[in-house]
Every structure is written in structure tokens, then in C-alpha cells.
Amino acid sequence: MPADLLSLLRTFTAREKIALPPATVAVPEIDAYAPFGKYLLELARDSKPERVAEDLFVALARDVARLKSIPQVFVGDGFVDFLVGGEEQGAGGVVVELKPLFTKYHDHELRRAPLKPANHRAQVKKYLRKHEYVVLTDLRTACLYSARDFFVTDSFFAELPFADLLQRTGDQLDLLDVLRQAEDAQEKPDLDRQFFEDLKEWFAAFQNVRWKKNEDAAELTILLLNKLIFAKTLEDHGLVPYRFLQDEYDQQEDRWETKGPHRVVQAFLQTLEPFFDEYYDTELFERKIWDEIDRDHANLSRFCNALRLVLGITKWDRVLAQRGIVNYNYRTINEDIFGKSYEMFLAANRKDQGIYYTPATITIPMADSLIASVFGPLVDEICAAVEKDTCDFATARTFMAKLARLHITDTASGSGGFLIKVLRAIWAQYLRIDHALAWLGKMKLQGDLLELPKNIREASQFRENFRLFDDRWLLLNCIVRHLAGRSDDPRWMRLVIKTNLMREVIRMMPETFHFRRFPGSLRALSELKDWSIKRKIRLRVGSFVC
């Protein structure tokens with residue numbers, strides 16, 4: 001039915017005009033799908049075009065995509081036509097702003113009302129103040145808007161047939177995921193250059209800020225930028241609430257602005273840093289920025305102004321002159337864009353040395369070939385030993401111990417890009433072991449483990465002993481166990497490498513890093529707390545140097 005209905009929708013919305021009264025000979029879709037007939041009949045009776053379009057939208061969303069849409073929702077500054085989903089992701093739902101498909105031209109004819117996005121900019125802008133996405137549609141065309149782009153470009157990021165949007169949503173059952181994928185798919189060939197240029201601007205914004213130890217100014221500025229980028233990465237993956245940074249800053253500014261910039265800065269930082277430290281436990285949030293700032297009133301004012309500029313916080317009725325941190329989509333800022341920007345930034349600032357940035361077209365095959373030759377043979381033995389028809393877990397344990405002693409050391413780590421390619425290749429090897437044990441997942445493991453057949457009991461114990469069931473822990477321990485690096489760059493650049501790696505594990509496995517998955521004393525990245533890139537490394541047995 002959905003496929004047939006989509007075909008009907010495309011035919012129906014392609015018309016420029018429809019004669020009244022509508023006849024099934026001229027418009028056969030009204031006989032095939034009752035809501036089309038109801039829609040045309042109500043328009044013929046002079047019902048408000050927007051209202052009858054809402055009824056048709058509800059029917060189509062339900063019957064094609066199984067979407068639950070809430071009509072006429074108050075969002076703090078007026079009512080939106082529909083709010084769809086978003087409750088679980090913390091994004092507040094997708095706003096759907098609906099415009100008429102047809103209007104009554106005269107008593108004997110309906111004509112299509114062309115969608116003119118430029119006429120609805122103010123409305124879209126208002127909704128994007130608090131929502132990640134807005135869909136503007138007339139049931140024929142859908143214009144997709146993102147808050148990240150709109151306040152810089154003043155336009156939608158994609159336009160597609162409404163039927164295509166419904167089809168994608170029906171396939172995935174989540175409109176928010178469809179919009180995120182559509183945003184991520186947009187080609188941005190100059191993204192690396194743009195991010196580098198903005199990184200320079202963000203750094204420069206803090207040049208006039210004084211610190212208690214001004215010799216640490218560069219390190220502290222980069223530390224602050226990385227804190228904000230890390231937080232925004234989590235936000236863009238839906239792992240913390242949407243607009244986390246902006247809402248937190250706005251709330252503290254509303255509460256403390258009359259007391260002066262020192263209270264705004266203090267409240268914002270002392271809320272932001274403990275939150276991410278408690279849930280994610282990374283060294284990014286150990287050193288507290290508030291403790292490092294010169295507390296002179298004028299200096300704090302400069303810091304506040306710089307922070308607003310760098311974040312990209314603006315009033316909803318203004319368009320930004322440049323992108324701030326919140327105006328980037330960090331799902332698309334991969335390790336190469338992130339790392340290359342910092343390496344270029346470092347080279348531009350120290351001036352006495354160049355950079356040797358190896359592109360992904362070289363490092364990916366290098367990493368894949370290295371790990372296939374070093375890890376592959378051991379993993380072959382493990383997979384053969386744990387198969388259902390073999391179940392030689394004594395041999396499997398021997399090879400797992402050998403596997404754990406393998407280390408890859410990058411002696412010129414740069415921004416960590418090569419280490420990330422190696423991590424992906426190593427993770428693919430561990431997934432091979434998991435796949436070889438897939439037969440165990442098909443068994444119904446009920447009752448006392450000791451009462452189960454020997455092969456199932458030993459397979460379960462093997463999987464438990466090596467924590468092959470815990471993807472998050474295993475992925476993080478692929479870094480701790482197998483990766484090492486060396487860098488003669490400043491300490492802040494070595495922290496960039498770790499930030500890059502942390503962002504990568506989140507990009508690889510976002511569903512396991514939602515902050516609500518870590519109650520009590522659990523912390524998402526605690527396994528990486530003591531892992532670091534060092535200036536000098538003592539190579540261990542089993543190390544392979546790259």
C-alpha cells in the first residue's frame with residue numbers, strides 16, 4: 001500500500017489545476033485514496049486551504065510513514081502546524097510548517113499554489129531558534145532547514161519531493177534520522193578550508209584575554225575550544241539535549257547578566273565542565289577554565305564577548321557574519337578535517353617548521369594493510385577455534401593473549417589521523433571474532449549456566465571473560481591496548497590527538513554514548529583517562545612502529 005500511495009501522491013501533486021467538481025475520470029487518485037477526495041471536496045466547499053491540507057498531511061504521514069504528528073503545538077513563540085517525533089533524542093521534535101497545495105481559483109477550478117520559501121523566512125527563523133530542523137512543505141515539495149546552516153546561509157540545506165521525504169521516513173520510521181542523513185549528505189568541498197579559517201578566528205578572539213599564567217594562553221584557548229567542540233559533537237549525535245551549549249549559556253546570562261560578566265562566565269563554566277566530567281570523565285574537563293582566567297572585570301567582559309562570538313550565539317532575528325562552533329555539523333567534521341585544521345594552525349603559528357600531512361587516500365590503505373598482516377593471522381586462528389563445529393576455547397584463549405600484546409606505535413602522531421585509521425581496522429578484526437561467535441546468540445541461554453551443554457557454556461564464558469558483549473568497553477580498550485603515539489608538538493596538540501580519538505569512538509558507535517546510559521558512578525570514557533600521547537615512548541614487545 002505505501003508504494004502505491006506514494007505513486008498516487010506524486011501524480012496528484014504534479015497537477016497544476018483540477019476542475020470542479022472533481023471527477024474520478026479526471027482525477028482517479030480520489031477513488032484510490034479517500035483522503036484525496038475529502039481534501040478536494042472541502043476545498044470546493046470553501047474550507048480554509050491550510051486546514052484541509054493539515055488533514056491530508058496527517059493521513060499521508062500515518063499511512064505512508066507511520067508518523068505520529070501533533071498538530072498546532074505551542075513552542076513558546078507561536079504555534080507550529082505540526083511537531084513530529086524527537087522526544088527520545090532530546091531534540092524537541094521536527095517542526096513541519098505546512099502551506100496549501102491547491103487553492104480555489106473560481107467556482108469551477110482549483111489551482112496549485114506554488115511554494116515560495118523566501119516568503120516564509122521569518123517564520124522558519126523563529127522556529128529554528130529552539131528546534132534543530134524545520135520542514136517547509138506544500139505536500140509536493142519539501143524544503144529542509146537546519147539551525148546550524150540557516151543562521152549563516154539564510155536558506156534551506158536541501159529541497160526534495162515531499163513523496164521522497166515520506167518514502168525515506170517510511171523506510172527508517174524516524175524523520176529526525178532522515179533529516180540528519182540528508183544534512184550529512186550535502187557536499188561541502190571547502191569544509192576543511194572553512195573550518196581551518198574559523199578555527200583561526202576562534203583562537204584570535206581570545207588573544208586579548210589575560211590568563212593567570214599568560215605563558216599558557218595558547219594551551220588554555222585550545223583547551224576551551226576543544227571542550228566546546230567535544231560537547232557540540234555529542235549534541236550533534238543526539239547524545240546530550242539539542243542546544244545544550246546555547247541554552248546553558250542563555251540561561252546563565254538571563255540569570256546573572258545584571259551581576260556582571262564574571263557571574264555569567266563563572267556560572268556557565270561551572271555548570272558545563274562538571275557535567276561532562278561526571279558523565280564522560282575525560283581530561284578535557286579536568287583543568288577548569290574559570291580557575292585560569294584573570295578575574296579583572298574588564299578582562300571577564302572581553303572573555304564573555306569572545307565566548308559568545310566563538311560559540312556563534314546570536315539573536316534569532318540576525319544572520320551571523322561567520323560560523324561559530326554551534327554552526328558546524330560535527331557529524332561531518334571527520335578526523336582529517338579536524339586534525340588537518342589543527343596541524344595547519346600549528347604550522348602557521350610556529351612558522352619554523354612545516355607540516356607533513358598524509359591524506360586519507362594513503363593512510364587508509366596503509367592502516368588496513370598493516371592490521372590485516374599483523375592482526376589478521378591471529379584473528380583467523382581465533383575465529384577458527386570458536387566456530388560452532390570446533391569450540392576449542394583453550395586455543396582461542398592462547399591466541400587472544402597474543403592478540404592483546406600487539407601494539408601499533410605512530411612515532412609522528414600529528415593530529416592522530418593515522419591512529420584513527422588503525423583503530424577502525426583493528427575494530428574490524430574484533431568484529432570478525434564477534435561474527436564467528438554469532439551462533440551463540442541464536443541459542444536460548446536459560447537457567448543455570450552449569451546445566452548448559454559444554455560448548456555453549458565455554459563459549460559463554462569465553463565471551464564474558466574477554467567482554468566481547470560490551471562494544472563500548474571493547475572499542476575503548478582497542479585504543480588502550482593496541483595504540484600508542486609519540487609527538488614532539490606542544491602539550492595542547494597532544495590533547496588535540498586525544499580529542500580527535502574520543503570524537504571518533506563517538507562517531508563509530510554513537511548509540512552507546514548517550515549520557516543517560518551512565519547512571520551512578522559509570523562514566524562513558526573513563527577507560528581512556530590515563531591514555532595519552534607522549535613525547536618519548538619505550539617500545540614494548542609486540543610493538544609495530546609506523
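Every number here is computed from the coordinates shown, using simple stated rules; none is lab data. Worth saying up front: this structure is predicted, and the values here are computed from it rather than measured. As a convention, Cβ positions derive from the backbone with ideal geometry for all residues, glycine included, and neighbour counts pool all protein chains shown.
Taking the alpha carbon gyration tensor of the range 171-256, what are the square roots of 5 times its eigenvalues, largest first, to the nearest whole Å?
After scaling each eigenvalue by five and taking roots: 31, 20, 10 Å.
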Cα pair distances in the range 191-327, grouped into 5 Å bins until the bin that holds the longest one, percent each: 2, 10, 20, 24, 23, 15, 6, 1, 0
R0 of 30 Å, Cβ-Cβ distance residue 215-residue 522: FRET efficiency to nearest 0.05: 0.20
Share, in percent, of DSSP beta bridges within the range 2-184 that are antiparallel, nearest 5: 85 percent
Packing rank of 522-530, 129-137, where each peptide gets the mean count of other beta carbons within 10 Å, highest leading: 129-137, 522-530
Ranking of 99, 402, 232, 213 by count of other Cβ atoms within 10 Å, fewest first: 213, 402, 99, 232
Distant-in-sequence amide H partners of residue 483 (H built 1.01 Å from N, under 5 Å): 408
Between 0 and 90°, nearest 10: helix 376-386 axis offset from the chain longest Cα axis: 80 degrees
Inter-probe distance in nm under a simple model that places probes 7 Å from Cα toward Cβ, at residue 208 and residue 11: 6.7 nm
Helix 417-436 axis, angle to the chain major axis (alpha carbon atoms, nearest 10°): 80 degrees
Separation of the residue 296 and residue 432 label points, Cα + 7 Å toward Cβ, nm: 6.1 nm
Computed Rg/Rh of the range 100-204, alpha carbon atoms with Kirkwood Rh: 1.08
Packing-based exposure ordering (other Cβ within 10 Å, fewest first) of 502, 366, 493: 366, 493, 502
Coarse-grained scattering of the range 32-187 at q = 0.08, 0.11, 0.21 Å⁻¹, given as base-10 log I(q)/I(0) from a Debye sum over alpha-carbon atoms: -0.22, -0.42, -1.47
Coil-residue GluC sites (Glu not before Pro) of the range 187-282, DSSP, other Cβ within 10 Å capped at 12: 187
Under the Debye formula (equal points on every Cα, no solvent term), log10 I(q)/I(0) of the range 446-534 at q = 0.13, 0.18, 0.20, 0.25 Å⁻¹: -0.59, -0.89, -1.00, -1.23
Dipole of the chain [Lys/Arg +1, Asp/Glu -1 at C-beta], most positive-end residue of 460, 268, 20: 268
At R0 = 60 Å, FRET efficiency that the Cβ-Cβ distance of residue 402 and residue 73 yields, to 0.05: 0.55
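Taking N as the number of residues in the range 188-232, what value does Rg over Cα atoms divided by 2.2 N^0.38 Å take?
It is 1.31.
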Largest-first ellipsoid semi-axes for the range 342-545, taking √(5λ) over the Cα gyration tensor eigenvalues, angstrom: 36, 20, 14
In degrees, nearest ten, helix 34-44 long axis to first principal axis of the chain (Cα): 50 degrees
R0 of 45 Å, Cβ-Cβ distance residue 106-residue 181: FRET efficiency to nearest 0.05: 0.55
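What Kirkwood radius, in Å to one decimal, follows from the Cα pairs of the chain?
In the chain this quantity evaluates to 26.7 Å.
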For the range 224-277, projected area of the alpha-carbon convex hull averaged over all directions, nm²: 3.5 nm²
Net dipole in debye of the chain [+1 Lys, Arg Cβ; -1 Asp, Glu Cβ; about Cα centre; nearest 20]: 960 debye
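Can you check what the net charge comes to around residue 522, using other residues whose Cβ is under 14 Å from the Cβ of residue 522 (Lys, Arg +1; Asp, Glu -1)? Before the final figure, lay out the partial values.
On the way: positive: 472, 516, 517, 523, 529; negative: 277, 278, 281, 470, 527.
Net charge around residue 522: 0.
Multiplying the sequence separation of residue 19 and residue 360 by 0.36 nm and subtracting their Cα-Cα distance, what value in nm do you get? Please list the in-between numbers first.
Working: separation 341, 0.36 × 341 = 122.76 nm, distance 5.85 nm.
Once the chain is fully extended between residue 19 and residue 360, it gains 116.9 nm.
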Extension reserve of the residue 530-residue 509 stretch, reckoned as 0.36 nm per residue once the Cα distance is removed: 5.4 nm
